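Some notes on the structure that comes next.
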Amino acid sequence: MYTIPYLPLQALNGRQTEEMAAVAAEVVRSGWYLRGERTAAFEAAFAHYSRRAHCVATANGMDALTLILMALKAREGWADGDEVIVPALTFVATAEAVERAGLTPVFADINAHFTMSPAQAARRLTPRTRALMPVHLYGAAADMPALTALADAHGLAVIEDAAQAHGLPADNRNRGIAAAYSFYPGKNLGALGDGGAVCTDDADLAKLIRCMANYGAEQKYRHEWSGLNSRMDEIQAAFLRVKLPLLDADNCRRRQIAARYAAGIRSPHVSLPYGGRTDHSVFHIYPLCTPYREALQTHLAGRGIETLIHYPLALHRQPLYAHHRSEHYPEAERVSATEISLPLHPLLTDSEADLIIESVNSFQP
């Protein structure tokens, strides 16, 4: 048993138990469980929050990515096997969504901020490249000005994998055509089950995605496109609507803890993320890097502190992508071999954060 768990989900959701129980009971009494007024209300609220014109709720984040790609492929006339560049270090769903849409994922190395390197992405362009799909990994913003400039220069779409970046401040001049979100329970804005969403300013794209998420049908029993069954249920939409008003305060607390870590951690055996900056991330994850990861994890566990690793295998090292094994992405490989995630969540107290800081500083390999 850990004294300081990595993420106490039950306690986090417990802040709103009564409200969530009430809206769940309302959904049950209503007799309307899919594509109802609660989903529409959450879509409107999250679109407004994200400063986008449209939001389409989906069953999960991977479907959100897949649907964006499917819709763009159909609308723009992309061919099967056309290429989408994704970062070499991310959760596997980023690349799997590309394949589900009948496209080919191409990997690009990451930069010092753990996100897609624009220079490395430029080196991976071919005549079949159709899109860049940066990931705001760990909650930190990808280099969107450079990536959108690269895309504009080559006539490419930019799709944001924002699964870990709810509430990340956005520069409206440098945004992708659409962004995909995940509401997996552990996210900064998490459901009590699965859920996802697409946010976009493109009305036609939003309409097509909504159609494709409903078996490709705009009207019942009239199927115009090959689609998915990807709909958020009314209970999850109601839960997310209840939780959304806490997101800004929760993200603010995450930044406060990150600033405390950056100011207090002085171990020569670890490197801090982002040079100690806290202004461009919502800190879904606080990633330290150390060549002594296993020893540090054991040391912290001995102090009652739970840690996780995100992610121990870069994409080209996954068994699924064994045909990429000969490729080399030095920064992704370095991070996958050295990253360790410290506890960071809105209920973490200053005294708990200080114990974590002291425990990291006392580590000796």
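The values are calculated or read from the model by the stated rules, or taken from the named source; none is laboratory data. On a predicted model such as this, the values are computed, not experimentally measured, just so you know. Please note: Cβ atoms are built from the backbone with ideal geometry, for glycine as well, and neighbour counts cover all protein chains shown. For the accessible areas, the whole protein counts, side chains as well, though only heavy atoms, and no ligand, DNA or RNA atoms are used. Shrake-Rupley method; radii C 1.70, N 1.55, O 1.52, S 1.80 Å.
Can you tell me which of S341, S271, S362 is within 19 Å of the chain's Cα centre (by Cα), among the polar types (S, T, N, Q) and modelled with pLDDT of 95 or more? If you could, list the steps in order and put the result at the bottom.
Values: S271 fails: within 19 Å of the chain's Cα centre (by Cα); S362 fails: within 19 Å of the chain's Cα centre (by Cα).
Going through S341, S271, S362 in turn, just one is within 19 Å of the chain's Cα centre (by Cα), among the polar types (S, T, N, Q) and modelled with pLDDT of 95 or more: S341.
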Considering each residue of region 262-300, count those that are part of a strand (DSSP E or B) and of a type in the set (S, T, Y), and give that number. 3
Given the conditions (1) assigned to a helix (DSSP H, G or I); (2) closer than 23 Å to L168 by Cα; (3) open to solvent by less than 40 Å² (accessible area, probe 1.4 Å); (4) touching a Cys at 6+ places or on another chain (Cβ under 9 Å), report the number of the one that T39 does not fulfil. (4)
Go through (1) among the hydrophobic types (A, V, I, L, M, F, W, C); (2) over 23 Å from T349 (Cα atoms); (3) open to solvent by 20 Å² or more (accessible area, probe 1.4 Å) for A238 and report which single condition fails. (3)
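Only one residue in A79, A97, A64, A24 is in a loop (DSSP other than H, G, I, E, B) and open to solvent by less than 60 Å² (accessible area, probe 1.4 Å). Which one?
Values: A97 fails: in a loop (DSSP other than H, G, I, E, B); A64 fails: in a loop (DSSP other than H, G, I, E, B); A24 fails: in a loop (DSSP other than H, G, I, E, B).
Going through A79, A97, A64, A24 in turn, just one is in a loop (DSSP other than H, G, I, E, B) and open to solvent by less than 60 Å² (accessible area, probe 1.4 Å): A79.
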Strands (runs of 3 or more DSSP E) lying entirely in region 128-229 (those with 1 or more residues that are closer than 17 Å to E43 by Cβ): 178-182, 196-200, 217-219
Which members of region 310-357 meet the condition of being of a type in the set (G, A, S) and in contact (Cβ under 8 Å) with a residue 40 or more places away in the chain? A314, A332, S336, A337, S341, A353
Mind checking which residues of region 159-186 are over 10 Å from the mean Cα position of the chain (by Cα) and either open to solvent by 10 Å² or more (accessible area, probe 1.4 Å) or on the phi > 0 side of the Ramachandran plot (or both)? G167, L168, P169, A170, D171, N172, R173, N174, R175, I177, P185, G186
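Could you tell me whether Y329 is among the hydroxyl-bearing types (S, T, Y), farther than 22 Å from Y261 by Cβ and open to solvent by 10 Å² or more (accessible area, probe 1.4 Å)?
On the way: among the hydroxyl-bearing types (S, T, Y): yes; farther than 22 Å from Y261 by Cβ: yes; open to solvent by 10 Å² or more (accessible area, probe 1.4 Å): yes.
Against the criterion (among the hydroxyl-bearing types (S, T, Y), farther than 22 Å from Y261 by Cβ and open to solvent by 10 Å² or more (accessible area, probe 1.4 Å)), Y329 qualifies.
Using the structure shown, decide if A45 is under 16 Å from G195 (Cα atoms), at pLDDT 95 or above and either open to solvent by 80 Å² or more (accessible area, probe 1.4 Å) or out of contact with any Ser or Thr (no Cβ under 6 Å at 6 or more places or on another chain) (or both).
Numbers: under 16 Å from G195 (Cα atoms): yes; at pLDDT 95 or above: yes; either open to solvent by 80 Å² or more (accessible area, probe 1.4 Å) or out of contact with any Ser or Thr (no Cβ under 6 Å at 6 or more places or on another chain) (or both): yes.
Judged against the criteria, A45 is a match.
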Take region 116-137 and flag every residue that is among the polar types (S, T, N, Q) and buried (at least 24 other Cβ atoms within 10 Å of the Cβ). S117
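Every residue, every condition in (1) without any contact (Cβ under 8 Å) to a residue 60 or more places away in the chain; (2) closer than 17 Å to A213 by Cβ; (3) touching a Gly at 6+ places or on another chain (Cβ under 9 Å), yes or no:
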| site | (1), (2), (3) |
| --- | --- |
| V23 | no, no, no |
| S30 | no, no, yes |
| Y33 | no, yes, no |
| F46 | no, yes, no |
| H54 | no, yes, no |
Looking only at region 48-61, and only at residues there that are open to solvent by 30 Å² or more (accessible area, probe 1.4 Å) and part of a helix (DSSP H, G or I), the one that is farthest from N251 (Cα to Cα): H48
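What are the residues in region 337-364 that are assigned to a helix (DSSP H, G or I) and under 24 Å from E294 (Cβ atoms), if any? Before the answer, list the steps.
Keep residues of region 337-364 that are assigned to a helix (DSSP H, G or I), which gives 337-338, 350-361.
Matches in region 337-364: A337, T338, E352, A353, L355, I356, I357, E358, S359, V360, N361.
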Only one of these conditions is not met by P312: (1) part of a helix (DSSP H, G or I); (2) closer than 22 Å to V86 by Cα. Which number is it? (1)
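Among the residues of region 203-215, which ones are under 16 Å from A59 (Cβ atoms), in contact with a Leu (Cβ under 8 Å, 6 or more places away or on another chain) and open to solvent by less than 100 Å² (accessible area, probe 1.4 Å)?
So the first thing to find is which residues in region 203-215 are under 16 Å from A59 (Cβ atoms), and the list is 209-215.
Next cut, in contact with a Leu (Cβ under 8 Å, 6 or more places away or on another chain) only: 209, 212-213, 215.
Within region 203-215, I209, M212, A213 qualify.
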Unmet requirement for L89, which otherwise passes all of (1) open to solvent by less than 10 Å² (accessible area, probe 1.4 Å); (2) closer than 29 Å to P245 by Cβ; (3) part of a loop (DSSP other than H, G, I, E, B): (2)
